[in-house]
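The values are calculated or read from the model by the stated rules, or taken from the named source; none is laboratory data. Here the structure is a predicted model, which means the values were calculated and not measured. A quick note on method: Cβ atoms are made from the backbone with ideal geometry, for glycine too, and the neighbour counts reach across all protein chains shown.
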Amino acid sequence: MKFCTVKQYFDDENNNNVTNGIATTVIPLPNKHLKIKANNKEMEQYEQELLRNVMPQELTKLILAANYLNFKEALDFFCRTVANAIQNKSVDYVRKFFGLESDFEPGEEEKLCKEFAWSFEGVDED
Amino acid sequence: MEIVRRRRAIGENMNVSPLARKAKNQKLNDEQNTDRISNLPDAVLQHILTLLETKDAVKTSTLSKRWQYLWMSITDLVFMEDGPDKRKKRVQFMNFVERVLVLRDSSDLTLFVLSCDVLNDASRINAWISAAVMHKVQVLSIGLGSDENSRCNSEEPIVLPHCLFTSESLTYFYLESFVLLKVPSSIRFSSLKTLKIRFAIFPDDRSMQRLFSGVPVLEDLTLDACCWWNVRSVCISAPMLKTLTIYETVDSLDQDDCQFLIFGISLKYFYYGGALRNEYFFYKTSSLMKAVIYLGMEKTL
């Protein structure tokens, strides 16, 4: 049902996708879901509490784990958290958040910014 | 302007196969490698993009080469021209919408929201709506403003594209527009379940009849502060209509004097707010479970 690949996870000896720390965060989620399944507000509070202890950088690892374990609700939740974190932020902020570096040729990036100029207006302060 | 946030409700068949298994053998000792996102497969990144506002999703094209084209298959597009200096940014806004629609790939759209003033760009706006319909959009929300905010601008009727009125994919349609709404001679929304029209001025009896006869599976109809001066009578008899909501305009004390003949074979809920500017006749409403009728002249209901 929810955890098609949990068996696989435990079978895989050389599992580098889901480190122990991540597993302890992700795996209890479905049980909690079942317990509070009708009560969205309680689930929201639980999720907020969970995230308070998680660094933003860990989020991508959580997403990777949830994806590997085929756990749709957790994947959706973590993706929403990332989306909220980068909403209306500058491109530089988002790059730093993801640890990305621009690999565009000089001038390419400026062309794109010009093409979509309206979307670069009114971003939040970094 | 009602913003339709149906992203999580509609056909969420996001098929994210665990492609991350490919990265199974990749060591996660990436303390040296600070790139935290490239391990994720495209499908997951695109899911994140779908959860962003359209302008933020499109902006990610400048993050790096990998991200340059990822946004192009997002299923929800929301374009809202707002803010205190929207006139100054008008050209940029129009160009932005144009570029996004041109560059987006041919995959189906789920949601398309457009809220902007018409000004002199009626044909461009119509082209955008046609594009959304061509991409089999399911949820469409159009809010068209005019400069003077006048409700009697009958020299400038809004003529939406014909293909919209024969869309087979549309399940939810919200239209808000202070102008005369012209409807084509052939109307068939074969999948439309929810129709909400706000502020529109309806032209005559026959076009209203065509509209309300062309919605065979309609379940929820809302007519909010519309103008019925030009309509003498209209018959609403959608066989599956469960919820009917009518809010009358409170702009003046004049009567609109339109007769509504409502055949409510499946009608369960009726909500009304207004001062009885029109007359309402109900037939065959044995299924009616709840009716809320608010009589008053207050502007806000």
- Task: Filter segment B:60-93 down to the residues that are in a loop (DSSP other than H, G, I, E, B) and hydroxyl-bearing (S, T, Y), then identify the one that is farthest from the other protein chains (Cβ to nearest Cβ).
- Result: B:T75
- Message: Please go through segment B:164-183 and give me each residue that is under 17 Å from B:L109 (Cβ atoms) and either acidic (D, E) or modelled with pLDDT under 95 (or both), ordered by number.
- Response: B:E168
- Among the residues of segment B:118-137, is there at least one that is surrounded by 17 or more Cβ atoms within 10 Å (Cβ to Cβ) and either over 15 Å from the mean Cα position of the chain (by Cα) or within 14 Å of chain A (Cβ to nearest Cβ) (or both)? yes
- Query: For residues in segment A:90-121 being surrounded by fewer than 18 Cβ atoms within 10 Å (Cβ to Cβ) and touching a residue at least 24 places away in the same chain (Cβ under 8 Å), which is nearest to A:K61 (Cα to Cα)?
  - Reply: A:G99
- Message: Could you check segment A:72-81 and list, in sequence order, the residues that are of a type outside the set (A, V, I, L, M), at the interface with another protein chain (Cβ under 7 Å from one of its Cβ atoms) and surrounded by 19 or more Cβ atoms within 10 Å (Cβ to Cβ)?
- Response: A:C79
- Message: Can you find a residue that is farther than 30 Å from B:D85 by Cβ, at the interface with another protein chain (Cβ under 9 Å from one of its Cβ atoms) and at pLDDT below 85 anywhere in segment A:82-98?
- Response: yes
- Query: Applying the selection to segment B:41-59, what residues are under 14 Å from A:I86 (Cβ atoms) and within 7 Å of chain A (Cβ to nearest Cβ)?
  - Reply: B:H47, B:I48, B:L51, B:L52, B:E53, B:K55, B:D56, B:V58, B:K59
- Could you say whether any residue in segment B:132-145 is more than 22 Å from B:K196 (Cβ to Cβ) and at pLDDT 90 or above? yes
- Query: Looking at segment B:94-112, which of its residues are more than 9 Å from chain A (Cβ to nearest Cβ), surrounded by fewer than 20 Cβ atoms within 10 Å (Cβ to Cβ) and among the aliphatic types (A, V, I, L, M)?
  - Reply: B:L101, B:V102
- Note on the structure: When restricted to A:V26, A:V54, A:V18, the only residue farther than 23 Å from B:S64 by Cβ, out of contact with any Cys (no Cβ under 7 Å at 6 or more places or on another chain), at the interface with chain B (Cβ under 10 Å from one of its Cβ atoms) and at pLDDT below 80 is A:V18
- How many residues are at the interface with chain B (Cβ under 8 Å from one of its Cβ atoms) and within 13 Å of B:S64 (Cβ to Cβ) if we restrict to segment A:99-114? 8
- Message: If I filter segment B:236-244 for residues that are modelled with pLDDT of 95 or more, surrounded by fewer than 17 Cβ atoms within 10 Å (Cβ to Cβ), hydrophobic (A, V, I, L, M, F, W, C) and part of a loop (DSSP other than H, G, I, E, B), do I get at least one hit?
- Response: yes
- Per-region count, segment B:195-209, residues surrounded by fewer than 21 Cβ atoms within 10 Å (Cβ to Cβ) and either within 25 Å of B:D117 (Cβ to Cβ) or in contact with a helix residue (DSSP H, G or I) (Cβ under 9 Å, 6 or more places away or on another chain) (or both): 6
